[in-house]
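Heads up: the structure comes next, in structure tokens.
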Amino acid sequence: MNISYSWLKEIVPDMQMDPEKLAEHLTSRGAPVTIKGGVEAGLQNVVVGRVESVKKHPNADRLSICEVYNGGEVLQVICGAPVIKEGGHYPFAGVGTELPNGIKLRKAKIRGEFSNGMLCSETELGLGIDQSGIMLLPYSVSPGQKLIDALSLDEIILEVEVTPNRGDWLSHVGLAREIHCTGLEKLQLPEIHGSIDLAIETRKEQLEISDNGLSIRIDAPDLCHRFSGVVINNVSVRPSPDWLVKRLTAVGQQSINNVVDATNYVMLELGNPMHAYDLDKLDGGQIIVRNASEKEAIKTLDGIEHNLSSDMLVVCDLVSPQNIAGVIGGIHSSVTEETVNIFLECALFDSKTVRHTCKKLGISTDASYRFERGVDPEGHLTAIKRALEVILAVAGGEITRPILEITPKPYMTSSILLRPSRVKAVLGLSFEADELQRIFSSIGFKIDQLEEDVISVEIPSYRSYDVVREIDLIEEIARVYGYDRFPDNLSPYSTSSVPDDPFFQLEEDIRKTFTDAGILEAINPVFASPMEGDVEIINPISSEENHLRNSLMFGLLRNLEYNFARSTRDIRLFEVGTVFNKLQDGQNREGVNVAAVVTGNRAPPHWSDDKVDPVDFWVIKGIVVDAVKVSGWETVTFKTNVNDNDCWVQGRAATIVCEGKEIGTFGQVLAERFESPKWAGEVWGLEFKLPSGMAEKKDVFFDPLPQYPGVDRDLALLLDVGMLAGDVISEIKNMGGPLLKKVSVFDVYEGEEIADKKSSLGIRMRFQSFERTLTDAEVDLSVEKIVRNLARNLSVEQRLEEGK
């Protein structure tokens, strides 16, 4: 939001703060400010040029030859803009001028014709982002006039960062309320030259009102809470006077004509968006606020035709829509130089509906920006009377009818109970009643003492959107009192007796497991494209990301590509986050998944060892085992068949099975799923879901180190190639008895002396007792029992040396 310092001084005439002090004050109140003051280098020599004639370039289809009068002489200028009007005024930079972007102009020959300077766009002058055409200046300027003077570019502008909850700051008066520390009674609106005192009647009804052949009706009372309108006859639409053009241009608003500029002036001053219609172009003498019909269309002021839907609100005449409510007006009833009679509208539209319409149509305007954040529900009469004052002063006209107002949902003043004891408990400071009275009155709040420890605070209408609870009032106290005035010592406090949710601790344990393995955490947004999500968002932030993700791998693979593009070879990333899936019954399920991607070497490079040791299947499996162990699942096994053929390399991936349920997958990621340079290595990944319920955490007991030696036994087992070693190990553990402490694989062999479709698996078993030294005889009995059960249950035979 651009705020004019001089405009603000007129509203707060006794303000003593210079721009720097004002910026510091507003920042302390929660509105960070950037000062954009003075003249930007490169604009001093730019003047107003008037185009005397335009003709096509003889040697270029897209170029024009313009004769430009710069106040002293007529110069030939070659221009590539699509539309240049004869008689139009444009910024002109002559030969020798150095523009803000660093370009120094010289006389140039373009396709055989000389150009003595250039007509400039907003972008080239550093005044905006519109680079589609040359910057058209208002007719009130004069050829040869310095652009700085013509547009008041030496005006000091405060660029205020307005938070979404503070729609009341989107006006000069709104910010003036934050400046005047002794209250709001001394705020005043700038005097309008040529204005007259207005004594105009106001008529109010609930849903429909009519007067002298004009009727206003609201068919969607839930979406339009207030609608005010008035007719002005015999206006003279023309370019705005110099003072109005300069005031609007200084804050970045383009001048249109005196009537439209008057409505924009009031919006910037008071914060209430307004719209003016050409009354003679409204069919049937009716104004109807209703939902649009499906496929109904309207061509808006920007020249674009929009197809509407039934969830959008429009302002119509008897025949068709004339305005997309709260967003943008229609071109059919727009105010032009031929307009004589106007209908002026000031309304209060539902914020959510305006926001939804803007997202759906891809439009954002100054009006919609304010409606989305909340417009003062009680400021409409003040705004429409101010607009009438300005219009009559700059465009003339007569007002012979009353202001008509419909209020389907009248604003009800709200009050909130505040406990000074609660203020002390939250802020750590006591505030007396007089101090609270001073603080609240300075920002327009009213208070009544009900009891010794209860105060009733009446909320002003312009703060009704963001001050709704006692804690909001406490925040206002802290904000106005000044955060920098609070003592920096730590006061006594009581810790909470409510324990954290066990799931939070589980997530932290998983994060620690991954970070201990040297894997860094990534955090990606949940919004996804339709290709990456099942659950559609009703009101998405972006039309391209209108679903919720069903997997964490999409985001991690984008992180991987980002690192590859910056020549990073060793990448280790994980994420713990929510995913959303649509179930077969149509219901949506939200769960928490864990995922990781790993590529490159197992360990960072070191000068002492130049051996290349890339990540492989066993590394990623080890990470899975450690992560699942702390995730709350009781048991874990693996299956070699993988259901998701679009992500994983078959034969180099496995399904994770816990408690009989498939919970995820790990293995090598298909190269088609990501973009990578030629030097990139294999990419390995994992993803599994966390249990929905938390099992009770088991106590951890300490076992002392054994005093007696253990006994190792090795077995060479013959098994089918497709059999899992995990199944063999599980069977050995089940039959090994209490003396079997450890089972591990030390060798896998396929080749000579081994039958086809068979492999030899070397198993090492450790037997140990904490009470005595084991004998060979009892260990041999346990081994024989294991061998018999392997043969009987799994058809796994012991591989013996020849002759035995």
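The values are calculated or read from the model by the stated rules, or taken from the named source; none is laboratory data. No experiment lies behind these values; they were computed from the predicted model shown. All Cβ positions, glycine included, derive from the backbone under ideal geometry; neighbour counts span all protein chains shown. Protein only, heavy atoms only, side chains kept; ligands, DNA and RNA dropped before computing areas. Shrake-Rupley method; radii C 1.70, N 1.55, O 1.52, S 1.80 Å.
To the nearest 500 deg cm²/dmol, what mean residue ellipticity at 222 nm is calculated for the chain from DSSP H runs of n ≥ 4 alone, each contributing -39,500 (n - 2.57), summed and divided by the residues?
Details: 18 runs with 187 residues, N = 804.
It comes out at -7000 deg cm²/dmol, rounded to the nearest 500.
Restrict the search to the stretch 197-298; then list the GluC sites (Glu not before Pro) that DSSP places in a loop and that have at most 16 other Cβ atoms within 10 Å of their Cβ.
Numbers: sites: Glu201, Glu205, Glu208, Glu269, Glu294, Glu296; in loops: Glu201, Glu294, Glu296.
Sparse-neighbourhood loop GluC sites (Glu not before Pro): Glu201, Glu294.
In what sequence, highest mean first, do 732-743, 581-592 appear when ranked by Cβ atoms within 10 angstrom? Could you put the intermediate results ahead of the total?
Values: 732-743: 15.6, 581-592: 11.1.
Top to bottom by mean Cβ count within 10 Å: 732-743, 581-592.
Want the number for Arg62 to Lys639: 0.36 nm per residue separation, take away the alpha-carbon distance, what's left?
Working: separation 577, 0.36 × 577 = 207.72 nm, distance 6.61 nm.
Additional length available on full extension: 201.1 nm.
Give the residue list of GluC sites (Glu not before Pro) in the stretch 732-804 that are DSSP loop and have at most 13 other beta-carbon atoms within 10 angstrom. The partial results should precede the final answer.
Working: sites: Glu750, Glu752, Glu753, Glu771, Glu778, Glu784, Glu797, Glu801, Glu802; in loops: Glu750, Glu752, Glu753, Glu771, Glu801, Glu802.
When the GluC sites (Glu not before Pro) of the stretch 732-804 are filtered for loop state and at most 13 Cβ neighbours within 10 Å, Glu750, Glu752, Glu753, Glu771, Glu801, Glu802 remain.
Would you compute the Debye intensity of the stretch 346-453 from its alpha-carbon atoms alone, equal scatterers and no solvent, and pass along log10 I(q)/I(0) at q = 0.11, 0.15, 0.20 Å⁻¹ to two decimals?
After summing over all Cα pairs, the log10 values are -0.66, -0.92, -1.08.
Give the aspartates and glutamates reachable from Lys758 as a straight Cα distance under 12 Å; neighbours fewer than 8 places away on the same chain don't count.
Asp720, Glu750, Glu797
May I ask for the distance between the Cα centers of the stretch 573-615 and the stretch 332-357, given as a whole number of Å?
Their Cα centres are 52 Å away from one another.
In the stretch 225-285, carbon and sulfur make up what percent of the accessible area (probe 1.4 Å)? Kindly include the intermediate steps, with their values, before the conclusion.
On the way: 760 of 1710 Å².
It is 45 percent, rounded to a whole number.
Just to check I understand the Karplus step: with θ = phi - 60° and J = 6.51 cos²θ - 1.76 cosθ + 1.60, what whole-Hz values come out for the stretch 153-168, glycine and proline as x?
6, 8, 5, 7, 10, 9, 8, 9, 8, 9, 6, x, 8, 10, x, 5
Excluding Ile523 itself, what net charge comes from residues whose Cβ is under 15 Å from its Cβ, given Lys and Arg +1 and Asp and Glu -1? Mind showing how you got there, number by number?
Numbers: positive: Arg511, Arg549, Arg558; negative: Glu507, Glu508, Glu521, Glu575.
Spelling it out: positives minus negatives among the neighbours equals -1.
Summing +1 for each Lys or Arg and -1 for each Asp or Glu, what net charge is found among the other residues whose Cβ lies under 15 Å from the Cβ of Val636? Provide the component values of the computation, followed by the final result.
On the way: positive: Lys621, Lys629, Lys639, Lys661, Lys689, Lys733; negative: Asp626, Glu634, Glu659, Glu662, Glu687, Asp727.
Charge balance in the 15 Å sphere: 0.
Mind checking the angle between helix 617-630 and the chain's longest principal axis? C-alpha axes, 0 to 90 degrees, to the nearest 10.
Once rounded, one gets 80 degrees.
Compute the distance from the alpha-carbon center of the stretch 472-500 to that of the stretch 240-279, in whole Å.
Using only Cα atoms to place each centre, the spacing works out to 43 Å.
Among the lysines, which fall within straight-line cross-link reach of Lys246, defined as a Cα-Cα distance under 19 Å, with same-chain neighbours fewer than 8 residues apart omitted?
Output for Lys246: Lys9, Lys36, Lys146.
In whole angstrom, how long is each semi-axis of the equivalent ellipsoid of the stretch 663-704, when you take the square root of 5 times every eigenvalue of its Cα gyration tensor and sort them from largest down? Don't jump to the answer; show the numbers that get you there.
Numbers: eigenvalues 289, 53, 9 Å².
For the stretch 663-704, the ellipsoid semi-axes come out as 38, 16, 7 Å.
Quick one: 3J(HN,Hα) in Hz for the stretch 570-577, Karplus 6.51/-1.76/1.60 with θ = phi - 60°, rounded, Gly and Pro as x.
Per-residue couplings from phi come out as 9, 10, 9, 10, 9, 8, 10, x Hz.
What pairs from Lys639/Lys698; Lys186/Lys409; Lys359/Lys385; Lys295/Lys409; Lys741/Lys785; Lys55/Lys299 go past 25 Å between their alpha carbons? Let's see the in-between values first.
Working: Lys639/Lys698 28 Å; Lys186/Lys409 31 Å; Lys359/Lys385 32 Å; Lys295/Lys409 29 Å; Lys741/Lys785 16 Å; Lys55/Lys299 31 Å.
The answer is Lys639/Lys698; Lys186/Lys409; Lys359/Lys385; Lys295/Lys409; Lys55/Lys299.
Please report the net charge: other residues with Cβ closer than 13 Å to the Cβ of Leu670, K and R +1, D and E -1.
Values: positive: Arg652, Arg673; negative: Asp644, Asp646, Glu672, Glu675, Glu682.
Taking every Cβ under 13 Å from that of Leu670, the sum is -3.
If N is the number of residues in the stretch 625-692, what value comes out of its Cα radius of gyration divided by 2.2 N^0.38 Å? List each step's numbers first, then the result.
Details: Rg = 13.3 Å, N = 68, 2.2 N^0.38 = 10.9 Å.
Dividing the Cα radius of gyration by 2.2 N^0.38 Å gives 1.21.
For the stretch 24-85, which trypsin sites (Lys or Arg not before Pro) are both in a DSSP coil and crowded by at most 14 other Cβ atoms within 10 Å? Before the final figure, lay out the partial values.
Numbers: sites: Arg29, Lys36, Arg50, Lys55, Lys56, Arg62, Lys85; in loops: Arg29, Arg62, Lys85.
When the trypsin sites (Lys or Arg not before Pro) of the stretch 24-85 are filtered for loop state and at most 14 Cβ neighbours within 10 Å, Arg62, Lys85 remain.
So if I take the centroid of the Cα atoms in the stretch 134-175 and the same for the stretch 618-635, what is the distance between those two points in Å?
61 Å
Around Met723, which amide H atoms from residues at least 5 apart in sequence, or from another chain, sit under 5 Å from its own amide H, with H modelled in the peptide plane?
none
Classify the stretch 391-529 as rounded, prolate or oblate, taking a ≥ b ≥ c as the square roots of the eigenvalues of its Cα gyration tensor: rounded when a/c is under 1.5, otherwise prolate if a/b is larger than b/c and oblate if not. The partial results should precede the final answer.
Numbers: a/c = 2.76, a/b = 1.51, b/c = 1.84.
Oblate is the answer for the stretch 391-529, as a/c is 1.5 or above yet b/c matches or exceeds a/b.
List the relative contact order of the stretch 280-358 as a percent without decimals, with contacts defined as Cα pairs under 8 Å and 6+ residues apart. Walk me through the numbers before you get to the answer.
Numbers: 131 pairs, mean separation 23.2, N = 79.
Rounded, it is 29 percent for the stretch 280-358.
Rg and Dmax of the chain over Cα atoms: what are they, in angstrom?
Expressed in Å, the Cα Rg and Dmax of the chain come to 37.8, 122.
Rg and Dmax of the stretch 282-338, Cα atoms, in Å?
10.7, 34
Report, in debye and to the nearest 20, how large the dipole of the chain comes out about its Cα centre when Lys and Arg carry +1 and Asp and Glu carry -1 on their Cβ.
Working: 83 positive and 122 negative charges, 223 e Å.
Charge dipole, the chain, about its Cα centre: 1080 debye, nearest 20.
Taking all protein chains in place and a 1.4 Å probe, what share, in percent, of the accessible surface of the stretch 1-67 do carbon and sulfur account for?
Details: 1600 of 3360 Å².
Its accessible area is 48 percent carbon and sulfur atoms.
Suppose all protein chains stay in the model; what accessible area per residue would a 1.4 Å probe give for the chain, in Å²? Numbers along the way, then the final one.
Working: 41790 Å² over 804 residues.
Result: 52 Å² per residue.
Quick one: with all protein chains in place, what share of the accessible area of the stretch 454-599 is carbon or sulfur, to the nearest percent (1.4 Å probe)?
Working: 4200 of 8240 Å².
Heavy-atom surface of the stretch 454-599 belonging to carbon and sulfur, 1.4 Å probe: 51 percent.
Among the lysines, which fall within straight-line cross-link reach of Lys424, defined as a Cα-Cα distance under 24 Å, with same-chain neighbours fewer than 8 residues apart omitted?
Lys446
Whole-Hz Karplus ³J(HN,Hα) for the stretch 741-750, in order, using 6.51 cos²θ - 1.76 cosθ + 1.60 and θ = phi - 60°, x for Gly and Pro?
Along the stretch 741-750, the couplings run 9, 8, 10, 8, 9, 10, 6, 10, 9, 9 Hz.
Report, to the nearest 10°, how far helix 725-735 tilts away from the longest principal axis of the Cα atoms in the chain, using its own Cα long axis and a range of 0 to 90°.
The answer is roughly 60 degrees.
Can you give the angle from 0 to 90° between the axis of helix 776-794 and the longest principal axis of the chain, with both taken from C-alpha atoms, to the nearest 10?
The angle comes out near 60 degrees.
Using alpha carbon coordinates only, what is the Rg to Rh ratio of the stretch 335-405, with Rh defined as the Kirkwood radius? Working shown, then result.
On the way: Rg = 14.8 Å, Rh = 14.3 Å.
Value, to two decimals: 1.04.
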